[in-house]
Structures are given as C-alpha cells and as structure tokens.
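In what follows, a structure is listed as structure tokens, so that the remarks can point back to it.
The values are calculated or read from the model by the stated rules, or taken from the named source; none is laboratory data. What you see is a predicted model, and the numbers here were worked out from it, not measured in a lab. For neighbour counting, all protein chains shown are included, and Cβ atoms are generated from backbone atoms with ideal geometry for every residue, glycine included. Ligands, DNA and RNA are stripped out before the accessible areas are found, and what is left, the full protein with its side chains, is counted by its heavy atoms. Shrake-Rupley method; radii C 1.70, N 1.55, O 1.52, S 1.80 Å.
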Amino acid sequence: TMIKCIVIASGNDASVAMAEHVAGTEQAFVERMNERAKDLGMKNTHFVDCCGLTDSENHYTTARDVATMSRELITRFSQVLDYSSIWMDTIVHNTAQGSSEFGLSNTNKMLRTYDGCVGLKTGSTSRAGFCVSSVAQRNGITLISVILGAPESKSRFADAAALLNYGFGKCRVYTDENQDPLSAVPVSHGVQEEAECAYEKSFTYLDTKGADLSGIEKKITLSEKVKAPISAGDRAGSADYYLNGEKIGSVDILFTQSIDARSFSDALAEIWFAILSGGEKNS
C-alpha cells in the first residue's frame, strides 16, 4: 500500500514514513541514498531529503543520473513497473477511528497517451519545474526518457514522448534463441567417445544506429577433440555473431554432460570385448 502511494500518487508523506521504517530516520536514509548514488556513478547528484521537496541548492541531480537510477531500479526490481503502470486504484486507510477507502490516480498521464508506457515517476517543485522519468516497452526493447525543468505538466510528457519516439525509431533488437542443433564433440581417453553440448543462452543484440540487422551472421566454433575428463558446464566452443564483418557478440557453448577418463581396467575390458567380439564373428 505504501509503495502504491509513493509510485502512483507521489505520496511524499509515504516516502518519509518508508525512509524511517527502512533506516530509522529520514536523514539516515538520505545518507544511504547518497552512498548508493555514488556507487552507481551518479557524479552530479546529491540528496538532502527522500522526496525532493526541500528547496535547497544542495539538493540536485541531472537527467543522466535520473536515467541511471531509473535503469538500476527497473533492472533489479522490475516489479516496480507493476505498480507504476497502474492508472487508478483504491486503498483502505485503517486508523483508530475506523477504516475508509480513498482512490489513487497516477500522476504519469503518459500511461494513457503513449503506447507501451509502463512508468515510471513524475515530480515537480517550483525550483525543479515539471519532471518525469518515463519507461516504455515495445518489440522487446525498453527505453527510458528523462525530462527535467519543463515549464508545465503537459510539455514534460510531450518532450518525453518525442525522445521515446526517437529511440524506438533508431533502435532495433536482434534475438537468436539458439535452437539449432550442435554436433557432439569427440572425446579421447574417456569412458564415452563423444560429449553433447548446448548453447549457454540465447543471444540478443541491440543496435542504436538504425542498422539493417538482417545481415547478421553466426559462426560456430567447436573443439575438434577434447581429452577426458570433462565436466558438464566446461566450455566446448562459442557462437560468434558478425554484422558487416564486425564481431558484435558471442555466446559460449558448454558441455552438457560429464565424462570420466578411462581407467586401466576400462581399457583392459575394452580390449577383451574387442577380442571376444572378433572371435565370435570369425566363428
């Protein structure tokens, strides 16, 4: 409920209450905010409160830093988008005087006007102007657009939409699920003569220059032969991807099974089996 109040309706009082719950005091929480900002490389950011209402020259940030912070949030805690994409909701407020319902309406109007918008957060003060960090998803691509200091509410959304349109117009994503079969790799001195292998993961490449991705080529490189023992998860080779002759990425190919080295008794048993099998054929 508190997260909904913060993310949907910009509840500053809820932000302070959450800060006190997490760190004991708002100031202790702000210190942690500044430490985390430093860890993320947000060199042009400094917080003095947890919600941005303080009118202080010591409280500042940049569009790039807000984008960095937004990316970290939606990457590590993607469930925040489940909250920030809610248009309207009703919550119950329980007090000593009883329970009452009240509605929450999202301050991010792009949810209703921009295709694919799923968040993330608005903000405004007399000093900062109208601001928004907007997240939109289309065709497997997630983009973040940050607008600070807009003169009015509508213009921040219009500018954020223009940036997103530019991004979606330039960005293309290529995905190879790597479902094509791979040859087994010969194994020497092992209890088995071949080892099966598989791609470690699918391959995804994001182009931001409007390139034609239909010409991407994949080249498979596998070990010609390996010597036992091998373990499942050992590297067997790679799938390398090229665009216009330039390598754009790769995916490791891994062994899917473990194969022990042959012992002396294993080799002796094979020799006896070969002798006996040959004798039966001759007879």
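For the range 257-283, which positions are under 30 Å from PRO181 (Cβ atoms) and either open to solvent by less than 80 Å² (accessible area, probe 1.4 Å) or modelled with pLDDT of 95 or more (or both)? GLN257, SER258, ILE259, ALA261, ASP266 - these are the residues of the range 257-283 that are under 30 Å from PRO181 (Cβ atoms) and either open to solvent by less than 80 Å² (accessible area, probe 1.4 Å) or modelled with pLDDT of 95 or more (or both). Whether any residue in the range 129-148 is more than 24 Å from LYS38 (Cα to Cα), in contact (Cβ under 8 Å) with a residue 40 or more places away in the chain and not in a loop (DSSP other than H, G, I, E, B) is what I want to check. So far as the range 129-148 goes, yes, one or more of its residues are more than 24 Å from LYS38 (Cα to Cα), in contact (Cβ under 8 Å) with a residue 40 or more places away in the chain and not in a loop (DSSP other than H, G, I, E, B).
Out of all the residues in the range 26-38, is one or more at pLDDT 95 or above, open to solvent by less than 60 Å² (accessible area, probe 1.4 Å) and in a loop (DSSP other than H, G, I, E, B)? Give the derivation first.
Filtering the range 26-38 down to residues at pLDDT 95 or above leaves 26-38.
Okay, now just the ones that are also open to solvent by less than 60 Å² (accessible area, probe 1.4 Å), so 26, 28-30, 33-34, 37.
Subset that is in a loop (DSSP other than H, G, I, E, B): none.
Looking through the range 26-38, none of the residues is at pLDDT 95 or above, open to solvent by less than 60 Å² (accessible area, probe 1.4 Å) and in a loop (DSSP other than H, G, I, E, B).
Exactly one of (1) touching a His at 6+ places or on another chain (Cβ under 9 Å); (2) at positive phi is unmet by GLY245. Its number? For GLY245, the failing item is (1). Scanning the range 52-108 for residues that are part of a helix (DSSP H, G or I), hydrophobic (A, V, I, L, M, F, W, C) and open to solvent by 60 Å² or more (accessible area, probe 1.4 Å) turns up MET69, LEU73.
If you go through the range 232-265 and keep only what is part of a strand (DSSP E or B) and of a type outside the set (A, V, I, L, M, F, W, C), you end up with ARG235, GLY237, SER238, ASP240, TYR241, TYR242, GLU246, LYS247, GLY249, SER250, ASP252. Quick one: is ASN44 in a loop (DSSP other than H, G, I, E, B), open to solvent by 30 Å² or more (accessible area, probe 1.4 Å) and over 19 Å from GLY103 (Cα atoms)? For ASN44, the condition - in a loop (DSSP other than H, G, I, E, B), open to solvent by 30 Å² or more (accessible area, probe 1.4 Å) and over 19 Å from GLY103 (Cα atoms) - is met. Taking the stated definitions as given, is THR175 modelled with pLDDT of 90 or more, touching a Gly at 6+ places or on another chain (Cβ under 8 Å), surrounded by fewer than 15 Cβ atoms within 10 Å (Cβ to Cβ) and under 24 Å from THR142 (Cα atoms)? So THR175 passes the test. Out of all the residues in the range 184-232, which are free of Cβ contacts under 8 Å to residues at least 40 places away in the same chain, surrounded by fewer than 13 Cβ atoms within 10 Å (Cβ to Cβ) and in contact with a strand residue (DSSP E or B) (Cβ under 8 Å, 6 or more places away or on another chain)? Scanning the range 184-232 gives GLU193, GLY215, GLU217, LYS219, THR221, GLU224, SER231.
For LEU148, the conditions (1) open to solvent by less than 70 Å² (accessible area, probe 1.4 Å); (2) among the aliphatic types (A, V, I, L, M); (3) in contact with a Cys (Cβ under 6 Å, 6 or more places away or on another chain) all hold with the exception of (1).
Please work out if ASP89 is of a type outside the set (Ser, Thr, Tyr), at pLDDT below 95 and touching a Ser or Thr at 6+ places or on another chain (Cβ under 9 Å).
Values: of a type outside the set (Ser, Thr, Tyr): yes; at pLDDT below 95: yes; touching a Ser or Thr at 6+ places or on another chain (Cβ under 9 Å): yes.
Judged against the criteria, ASP89 is a match.
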